[in-house]
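Notes follow the structure.
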Amino acid sequence: MDKDRIIEMAWEDRTPFDAIELQFGLSEKQVIRLMRRQLKPSSFRLWRQRVQGRRTKHLKKRTFEEGRFKSSRQRHISHNKISKRK
């Protein structure tokens, strides 16, 4: 199990718990337990405040059904020369 990746996904606003469960097989309760063990108490409290009731962390509460959110202000990144450097 990749704890660092699970913690990273749990912190991300737009990654639902269902995606973590699909990828790693951990339920929301198990993710909360992991976060409690791995984070400092103050960081865990901040994370819980941030996640609790957040629509984007639960697929059933999301307002959009398909795809990922993309801001209209986000640049189109194809033909990005920087990413093609070796």
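The values are calculated or read from the model by the stated rules, or taken from the named source; none is laboratory data. Since this is a predicted model, take the numbers as computed values, not measurements. So basically every Cβ, Gly included, is an ideal-geometry build from the backbone, and we count neighbours across all protein chains shown.
The table below gives the values:
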quantity	calculated
Residue tally, condition among the hydroxyl-bearing types (Ser, Thr, Tyr) and surrounded by 14 or more Cβ atoms within 10 Å (Cβ to Cβ), over region 4-56	2
Total residues in region 1-18, condition without any contact (Cβ under 8 Å) to a residue 24 or more places away in the chain and closer than 16 Å to Thr56 by Cα	3
Helices (runs of 4 or more DSSP H) completely within the chain that count 1 or more residues being at pLDDT 70 or above and on the phi > 0 side of the Ramachandran plot	none
